[in-house]
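Quick notes on the structure that follows.
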Amino acid sequence: MSDLNAGAEHVADYVLGQELRVRILTTAEETKDQFDLTDQVMPVGAMSALHLHSQYEERIWVVAGSFELWAASEHVTLRPGDFYTIGLNVPHAIHAGPDGGRALTLSSPAGFGKVIARTATPVELASPDTELNTELFMAVCAELGDVILGPPGAVPAELGQPEGR
């Protein structure tokens, strides 16, 4: 899988617990909150919590590996070159495939990069024991309109009434 430390200059590298490595490529400040752009790497088998975003959409372009994505009533496998838009208020969860996965994610208006910048651990301060600060994460998510609907492993079908894409 691609190393986040390889390549050109960057804004900031973070880890969110042990489940996600993120490089913020374009910040909300740079775009006057119009969008942010992140490069994300999930290790083999990692899975996000079931959640939704009420303030921003996500556009995901897979660079390497694969992801299973559950978004409302859809369940798709995304591979390199695949693109998927997750609209406002759409319950979704993402699971890294057998080789892990890497994707570029554009949030518009800016949102996901803000969550990462405020809750994740800078890579240079991280260790193999770094854990997610759940209390801080939940508070920032609530402030920015992200809603956690279930733990990692939960999918939208378990909510009963899927919303549109």
| message | Which of Asp99, Asp13, Asp82, Asp129 has the fewest other C-beta atoms within 10 Å, and how do the rest follow up to the most? | response | Asp129, Asp99, Asp82, Asp13
| field | At 1.567 mPa s and 4 °C, Stokes diffusion of segment 20-148 via Kirkwood alpha-carbon radius, µm² per second | value | 87 µm²/s
| note | Summing +1 per Lys or Arg and -1 per Asp or Glu among the other residues with Cβ less than 14 Å from Ser48's Cβ gives -3
| note | Rounded to 0.05, the calculated FRET efficiency for the beta carbons of Phe83 and Val147 at R₀ = 25 Å is 0.55
| Using alpha-carbon pairs under 8 Å, 6+ residues apart, how would you state the relative contact order of segment 20-148 in percent? | 32 percent
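Just so you know, all these numbers are worked out from the coordinates, no wet-lab data involved. Bear in mind the structure is a predicted one, so any value in this text is a computation, not a measurement. No Cβ is skipped: glycine too gets one built from the backbone with ideal geometry, and neighbour counts run over all protein chains shown.
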